[in-house]
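Everything below concerns the one structure shown next.
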Amino acid sequence: MNTGPTHDLSATRSGGSVIVVDDEPHVLAVACAMLQSQGFQVVPCASGEEALEILQQSIQAGMDHQAMVLDLTLPGGMSGFEVMDSLATLAPDLPVIASSGYFQEDARDLCQAIGFADILQKPYPVEHLCATVRRCIARERSPVLSK
């Protein structure tokens, strides 16, 4: 599924390069627009498989991404948790932000145990999305996961 123009794998803007993975086209478009408006280079992906393929191509080309926003519920393919498992060997240092509209009370502990850098509850305002991404890129401890 093509989610937009050809992927530009270089981080040419000051905010850094962020991969955004969401199967809902509207949510993906809005998240990408929010991040781009704040100076991030964004690579949109409609599936976990697409995100892993783009990341593999980037690694082979010697290009870097600073963070990933990963929807946990991706019907019809790999789940966000399965993508996270693959990232453990492909890009273990990439900060990954779990995104979902369905977080339960124990989600914080589960996401921290799995290795997510932070969590984003959908829908999220632009300032929360951008602040979370910036914090993860700076490798600052998440206040959400610190509680």
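The values are calculated or read from the model by the stated rules, or taken from the named source; none is laboratory data. Remember, predicted model here, so these are calculated numbers, not experimental data. Reconstructed Cβ throughout: ideal geometry from the backbone, glycine too, with neighbour counts over all protein chains shown.
Quick check on Glu49: is it farther than 22 Å from Ala131 by Cβ, in contact with a strand residue (DSSP E or B) (Cβ under 9 Å, 6 or more places away or on another chain) and without any contact (Cβ under 8 Å) to a residue 40 or more places away in the chain?
So Glu49 does not fit the description; no.
With respect to Ser58, determine if the residue is small (Gly, Ala, Ser), outside any loop (DSSP other than H, G, I, E, B) and at pLDDT 95 or above.
no
Which number in (1) part of a helix (DSSP H, G or I); (2) among the hydrophobic types (A, V, I, L, M, F, W, C); (3) closer than 16 Å to Leu129 by Cβ marks the one condition that Val42 misses?
Looking at each condition in turn, Val42 falls short on (1).
Among residues belonging to segment 19-39 that are outside any helix (DSSP H, G or I) and touching a helix residue (DSSP H, G or I) at 6+ places or on another chain (Cβ under 8 Å), point out the one that is modelled with the lowest pLDDT.
Gln38
Among the candidates Gly80, Gly16, Gly48, which residue alone is at pLDDT below 95, within 22 Å of Gln121 (Cβ to Cβ) and surrounded by 14 or more Cβ atoms within 10 Å (Cβ to Cβ)?
The conditions single out Gly80.
Limited to segment 93-140, what total is found for residues that are of a type in the set (Gly, Ala, Ser), more than 18 Å from Glu24 (Cβ to Cβ) and either part of a strand (DSSP E or B) or over 11 Å from the mean Cα position of the chain (by Cα) (or both)?
5
Kindly establish whether Gln104 is modelled with pLDDT under 90 and in contact with a helix residue (DSSP H, G or I) (Cβ under 8 Å, 6 or more places away or on another chain).
No; evaluated as a whole, the condition is false for this residue.
Quick test of your reading of the structure: Asp118 fulfils all but one of (1) surrounded by 22 or more Cβ atoms within 10 Å (Cβ to Cβ); (2) at pLDDT 95 or above. Name the failing condition by number.
Among (1) surrounded by 22 or more Cβ atoms within 10 Å (Cβ to Cβ); (2) at pLDDT 95 or above, the lone unmet condition for Asp118 is (2).
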